[in-house]
1. Projected onto the charge dipole of the chain (+1 at Lys/Arg Cβ, -1 at Asp/Glu Cβ, origin at the Cα centre), which of G85, G47, Q59 gives the Cα projection farthest towards the positive end?
2. If you restrict to DSSP beta bridges whose two residues both lie in the chain, what percentage is antiparallel, to the nearest 5?
3. Using Cβ contacts closer than 10 Å as the measure, can you line up E52, E76 from fewest to most?
4. When the helices in the chain are scored as -39500 (n - 2.57) per DSSP H run of 4 or longer and the sum is shared across all residues, what 222 nm value do you end up with, to the nearest 500 deg cm²/dmol?
5. Picking from K50, K15, K58, which is most flexible by a Gaussian network model of the chain using Cα springs under 10 Å?
6. Taking 7 Å along the Cα-to-C-beta vector as the label spot, tell me the Q32-I13 distance in nanometres, rounded to one decimal.
7. All other residues with a Cβ under 14 Å from the Cβ of P45 taken together, and with Lys, Arg as +1 and Asp, Glu as -1, what is their net charge?
8. State the volume of the convex hull built on the alpha-carbon positions of the chain, expressed per residue in Å³ and rounded to an integer.
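What follows is calculated from the coordinates using simple rules that are stated; it is not laboratory data. Owing to the predicted nature of the structure, the values given are computational and were not obtained by experimental measurement. We place every Cβ from the backbone using ideal geometry, glycine too, and count neighbours over all the protein chains shown.
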Amino acid sequence: MGLKVDILSNGQIVKNLPNGSGIEMDYPLNKQTPDHLALLYWNDPDGDGKGEWVQVSKQLGKDKIFQTLSLKSTDEFYKLITNAGDTFYPNLTTDKTGIFILVKK
C-alpha cells in the first residue's frame, strides 16, 4: 500500500514542510498486525532515481505530536504508537514529502 505526498505552493512542489508543520498518514491495517508491517520512505534527494528506501522506525506517542512539531529535529519520520485494537497504522512526517509505502516485514 503506498502514498505519494506532494504539497504545492504557488504551483511548485514543496519538498520540505515548513517548521511547525507535519502530515499524519493513517494506513488501514486490513486485519494485519502492526508488528508485521513497516513504513518505508523513498529517499532520493537529487531525484536521479538512485535513492534508497528508509524505514520509519522511531516511535512517538500521539500526545507528543504538538511538542515534536515545535522542535527542529534531524529525525523527520515517526511511527505513532497505537493501542490494541486500532484499525490504522499511523505515521507522521515533520519535514519530508514524497513516496511512502507500507510493506510486510
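1. It is G85.
2. Values: 27 of 29 bridges.
Among the beta bridges of the chain, antiparallel pairing accounts for roughly 95 percent.
3. Working: E52 9, E76 17.
Fewest to most other Cβ atoms nearby, the residues stand as E52, E76.
4. Details: 1 runs with 5 residues, N = 105.
Result for the chain, helices only: -1000 deg cm²/dmol.
5. Highest fluctuation among the options: K50.
6. 2.4 nm
7. Values: positive: K15, K50, K96; negative: D44, D46, D48, E52, E76, D95.
Overall, the nearby charge balance is -3.
8. Working: hull volume 11.4 nm³, N = 105.
With only Cα atoms used, the chain gives 108 Å³ per residue.
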